[in-house]
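One structure below.
The values are calculated or read from the model by the stated rules, or taken from the named source; none is laboratory data. In this text the structure is predicted, and so the values were computed from the model without any measurement. Virtual Cβ from ideal backbone geometry, glycine too; neighbours counted across all protein chains shown.
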Amino acid sequence: MKTLFDWTHLCYHGFMRSKFIPFIIITLILALLFSSCQSIQTPPDYSDPSTWAYFAAGEDKEADLFIICPTVDMGEEGNYNMRMEDEAAKTSFIGALNMERGIYEDETKMYAPFYRQMTFPLYENGQAESGMPLEIAYSDIENAFFYYLDNMNDGRPFILAGFSQGAQLALMLLEEHFDDDALMDKLIAAYCIGWKITEEELDRYPHLKMAEREDDTGVIVSFNTEDPAIEGSIIVPEGTKTLAINPLSWSTGSGVASRELNMGACFTDYSGSVTTEIPYFTGTYLDEERGTLKVTDVIMSDYSNSLFPDGVYHLYDYQFFFRNLQDNVKKRVDAYFETFSY
């Protein structure tokens with residue numbers, strides 16, 4: 001990936017090749033470019049607790065959680081990355097994390113960095129998997145994660161978690177750094193929910209393993225929820241097969257898990273409170289062609305939203321299976337401590 005220096009260098013030489021742009025204009029353009037990029041790319045200082053949405057949140061537990069927030073910045077001002085000084089976006093950032101925290105907080109001490117996440121239009125336009133905005137977002141997460149490891153972890157096992165963009169960036173961390181056995185040995189599990197993971201990626205990064213049952217450790221838990229009629233989405237495009245596990249049966253097979261296995265869908269608000277809980281909400285199965293998680297008992301029009309087409313239940317990946325995920329976190333933490341000591 002290109003750094004700020006690389007982009008400035010490329011722009012400089014591109015301008016200098018032109019014989020028709022006076023040098024003073026080139027200088028002014030490059031100064032404006034550099035100052036604009038510099039303001040966007042000033043990295044957070046993670047030694048400052050104010051750069052964390054959660055900083056050792058919750059009572060002391062035997063395990064930690066490093067969780068990465070999903071996309072909350074809609075890019076309404078044309079920005080490609082969230083600005084760290086945008087207090088409204090940071091309020092939404094904390095709210096989105098709070099909607100998920102009940103799944104993890106009983107078992108873990110929680111850490112979640114603010115970061116210059118990519119804005120939603122990049123996903124709509126298919127531009128979120130490469131380029132400078134992704135480099136900016138990932139560099140923040142990488143810096144925050146290693147600050148956490150070096151200064152707060154103290155050798156404790158941890159869960160890595162993320163939803164949507166958070167899952168994308170968590171997967172990048174796993175790919176680039178978890179071929180280190182000492183690091184992998186501390187990983188209870190990685191909940192990378194709401195992002196695609198393919199066989200090609202596992203071939204490229206053989207240290208990665210997908211979850212195959214409810215209590216294996218050092219593995220990736222992932223799924224993407226949709227109606228049986230859906231053939232493609234911006235998360236899992238048509239023609240792509242993602243890898244997943246069924247959060248009701250904890251199987252990777254295509255058999256139907258009945259709604260009786262659903263311990264409770266929980267619809268949460270920005271405070272983290274459960275506003276509605278529905279036991280036995282829906283059954284599920286894994287689609288053999290797409291690898292996505294199909295729901296059997298959800299009426300599409302009941303969960304319409306402005307961001308995704310009806311039947312793409314991306315916003316509800318956590319909420320439809322909230323109690324099953326909460327139970328699973330405990331099972332994997334318990335399994336880790338039965339197997340490992342640290």
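Every condition in (1) aliphatic (A, V, I, L, M); (2) assigned to a helix (DSSP H, G or I); (3) over 19 Å from residue 269 (Cα atoms) holds for residue 84 except the one numbered (2).
Just to be sure before I move on: is residue 188 buried (at least 24 other Cβ atoms within 10 Å of the Cβ), in contact with a Leu (Cβ under 8 Å, 6 or more places away or on another chain) and not in a helix (DSSP H, G or I) in the structure I sent?
Numbers: buried (at least 24 other Cβ atoms within 10 Å of the Cβ): yes; in contact with a Leu (Cβ under 8 Å, 6 or more places away or on another chain): no; not in a helix (DSSP H, G or I): yes.
No, not satisfied.
Pairs meeting the criteria (first residue in the range 117-138 and over 14 Å from residue 195 (Cβ atoms), second residue buried (at least 20 other Cβ atoms within 10 Å of the Cβ) and of a type in the set (Val, Ile, Thr), beta carbons under 8 Å, at least 6 apart or on different chains) are 119/71; 120/71; 133/119.
Which members of the range 204-215 meet the condition of being more than 19 Å from residue 162 (Cβ to Cβ) and within 21 Å of the chain's Cα centre (by Cα)?
Restricting attention to the range 204-215, the residues satisfying the condition of being more than 19 Å from residue 162 (Cβ to Cβ) are 204, 206, 212-215.
Hits for the range 204-215 are 204, 206, 212, 214.
Kindly indicate whether residue 260 is at pLDDT 95 or above, assigned to a helix (DSSP H, G or I) and over 28 Å from residue 97 (Cβ atoms). Answer is yes for this residue. List the residue pairs whose Cβ atoms are under 8 Å apart, where the first residue sits in the range 298-312 and is farther than 24 Å from residue 280 by Cα, the second is assigned to a loop (DSSP other than H, G, I, E, B), and the two are 6 or more positions apart or on different chains. From residues that are farther than 24 Å from residue 280 by Cα, the pairs are 308/233; 308/234; 309/230; 309/233.
A single member of 315, 293 is without any contact (Cβ under 8 Å) to a residue 60 or more places away in the chain, within 22 Å of the chain's Cα centre (by Cα) and buried (at least 17 other Cβ atoms within 10 Å of the Cβ), and it is 315. For the range 66-104, taking the residues that are among the basic types (Lys, Arg) and within 30 Å of residue 323 (Cβ to Cβ), the one that is surrounded by the most Cβ atoms within 10 Å (Cβ to Cβ) is identified as 101.
For the range 224-235, the count of residues that are modelled with pLDDT of 95 or more, surrounded by 19 or more Cβ atoms within 10 Å (Cβ to Cβ), on the phi < 0 side of the Ramachandran plot and not in a loop (DSSP other than H, G, I, E, B) is nonzero. Residue count for the range 291-342 under the criterion of being within 19 Å of residue 279 (Cβ to Cβ), hydroxyl-bearing (Ser, Thr, Tyr) and outside any loop (DSSP other than H, G, I, E, B): the result is 2.
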